[in-house]
Amino acid sequence: MSKVSVVIPCYNQGQFVDDAVDSVLASTYPDLEIVIVNDGSTDAETNRILKGYDKPKTTVLHTENHRLGGARNNGIRFATGQYILPLDADDRIAPTYIDKAVEVLEAQESVGIVYCEAEFFGAQTGRWDLPPYRFPEILLANVIFCSAMFRKSDWEQVGGY
């Protein structure tokens, strides 16, 4: 059982999975698992890549297509970690992100979610400017980056995505 579970939903994005997984494996935080959810991919190359995927700390779940929220829920149900970090197949994290997020969650019981600054890579580069957190604004628009770490117990309490 790991303290942190990184859940990577994947639908026809096999060409990106190695970059996402490698960014997690480069993490300075040692106590983690990676759960890749092959969410009913129809792309032959994605299925080929994920069929025999054998990187350390990584498990692949093969499911029917449940779309992004359902794929995340399937991965989180399988996950053993106390903390969950969703990571899209075409995203990467910095090596110290998990350390810093766990540190905040363990130091402050009242904090339920930790998110990071984001940077574009690939065709577009630079910082993705997210506004400061203000509760009234979060009710109107998504202002939290999708790779936000949270407690699995909170996910269970609200019934998932």
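The values are calculated or read from the model by the stated rules, or taken from the named source; none is laboratory data. The structure presented is a predicted model; accordingly, all values stated were derived computationally and were not measured. All Cβ positions, even for glycine, are placed from backbone atoms using ideal geometry, and neighbour counts span all protein chains on display. Just so you know, the surface numbers come from the protein's heavy atoms only, side chains and all, with ligands and any DNA or RNA stripped out. Shrake-Rupley method; radii C 1.70, N 1.55, O 1.52, S 1.80 Å.
Evaluate segment 78-88: report whether one residue or more is among the charged types (D, E, K, R), part of a loop (DSSP other than H, G, I, E, B) and either touching a strand residue (DSSP E or B) at 6+ places or on another chain (Cβ under 9 Å) or crowded, with 21+ Cβ neighbours inside 10 Å (or both).
Yes, that holds for at least one residue.
Of all residues being open to solvent by less than 60 Å² (accessible area, probe 1.4 Å) and either among the aliphatic types (A, V, I, L, M) or touching a Leu at 6+ places or on another chain (Cβ under 8 Å) (or both) in segment 50-62, which is farthest from ASP99 (Cα to Cα)? Just the residue, please.
By that ranking, first place goes to LEU50.
May I ask you to list the residues in segment 13-36 that are farther than 15 Å from SER147 by Cα, out of contact with any Pro (no Cβ under 7 Å at 6 or more places or on another chain) and polar (S, T, N, Q)?
GLN13, GLN15
Matching residues to (1) open to solvent by 20 Å² or more (accessible area, probe 1.4 Å); (2) more than 16 Å from ILE84 (Cα to Cα); (3) of a type in the set (A, V, I, L, M):
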site: GLN15; (1), (2), (3): yes, yes, no
site: VAL24; (1), (2), (3): no, no, yes
site: PRO30; (1), (2), (3): yes, no, no
site: ILE34; (1), (2), (3): no, no, yes
site: ARG48; (1), (2), (3): yes, yes, no
